[in-house]
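Data first, discussion second: the structure below is written as structure tokens.
The values are calculated or read from the model by the stated rules, or taken from the named source; none is laboratory data. These numbers come from a predicted model, not from an experiment. Positions of Cβ are generated from backbone atoms using ideal geometry, with glycine treated the same way; all protein chains shown enter the neighbour counts.
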Amino acid sequence: MAAEKKKIRPARPKIGIGYRVGRLSVEEATDQRKNGYLVWRCRCDCGGEIQLDTRCIQRGTVTDCGCVSRVKPGQRDITGMRFGKLVALEPTDRVVYESVVWRCICDCGNEIHVPLRQLTMGYRKSCGCLGHPERKDYVGRRFGRLTVTAYGGKRGGMHYWKCRCDCGREALIGQTRLQSGKTKSCGCLQSEVYRENLKLIDGTSVTLLEAGKNRLISTNTSGHTGVYMDKKRSKWIAQITFKGKTYYLGSYDDKGEAIRARERGEEMYEDFLEQYYADARQQDAMTDKKF
């Protein structure tokens, strides 16, 4: 078999004073070295200076002082390169986890700053528009209690729509939330469900009373609802809240006395629940007669 021809690499240019690469002209050698290569002082056509090692000049990876490309020595130049729907425009001065952040433009027209590593590893391929559906024509459409009145613009890659709720309020809702049915009102529907679940009567929740009178809040240190220590006076305070008002039940040296005062105050809860159940039974009886 014929001997394979050896590939002959072109000889690297010899670097010396006056050698030019791009907008740079080598002026003099310095007494520095980088990775074993001599470092040269170079003058740019714009008047700026930059120091580059012999290998960098031979490869032509840097062709100006940064006045045109803005890519610093040792940085990878991806200017004009495409990554999915993104095209790299220029590097910024920001560095995230040792990765230079690039200003990019998306095919949809939005600009975004992305670390070089995310682009080259394929983690980022758009401004975010790829993760959301295309803009729909929702004007006049109803979604639950919401009627779409106008397009509200695009934020973070998501389309938003101006909506009017049946309650009269306006809201700006994301297209995805309308489409999936996750949002059906300006928030009033959830409020109504919440109030219904609490069974609010005169500002007092029957549901919470039924759940237990001794339900403690996280900051309670006495072990009993409505009893706490007043550190300034070194007294145990008893109080109770009913129908939106807080009633002071006295201060005591002994915690047990404060707890008993609170328990006496809770008798108004019992009267309230008893009346509620009586009214409920009467309402059920009237409903049964109708049918």
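Some notes on this structure:
- From the options T219, T241, T287, residue that is modelled with pLDDT under 85 and assigned to a strand (DSSP E or B): T241
- Test: residue in the stretch 93-109 that is in contact with a His (Cβ under 6 Å, 6 or more places away or on another chain) and either buried (at least 19 other Cβ atoms within 10 Å of the Cβ) or more than 28 Å from L178 (Cα to Cα) (or both): yes
- Meets criteria (hydroxyl-bearing (S, T, Y), modelled with pLDDT of 85 or more and under 18 Å from T147 (Cβ atoms)) for S185: yes
- Taking strands (runs of 3 or more DSSP E) as the structural unit, those lying wholly within the stretch 71-188 and holding at least 1 residues that are more than 30 Å from I50 (Cα to Cα) and within 19 Å of the chain's Cα centre (by Cα) correspond to 111-115, 146-155, 158-165, 170-174.
- Single match in G128, G122, G153 (criterion: at positive phi, small (G, A, S) and free of Cβ contacts under 8 Å to residues at least 12 places away in the same chain): G153
- Of the residues making up the stretch 120-147, just one is aromatic (F, W, Y) and at pLDDT below 90, namely Y123.
- The selection criterion, being of a type in the set (K, R) and surrounded by 12 or more Cβ atoms within 10 Å (Cβ to Cβ), holds for K34.
- Qualifying residue in the stretch 37-57 (condition: over 26 Å from K125 (Cβ atoms), modelled with pLDDT under 90, touching a Pro at 6+ places or on another chain (Cβ under 8 Å) and not in a strand (DSSP E or B)): yes
- Number of the exception - D31 against (1) part of a strand (DSSP E or B); (2) out of contact with any strand residue (DSSP E or B) (no Cβ under 6 Å at 6 or more places or on another chain); (3) under 17 Å from L116 (Cβ atoms): (3)
- If you go through the stretch 148-161 and keep only what is surrounded by fewer than 16 Cβ atoms within 10 Å (Cβ to Cβ) and over 21 Å from G109 (Cβ atoms), you end up with just T149.
- Selected residue (only one of Q179, Q190 is modelled with pLDDT under 70 and closer than 30 Å to K136 by Cβ): Q190
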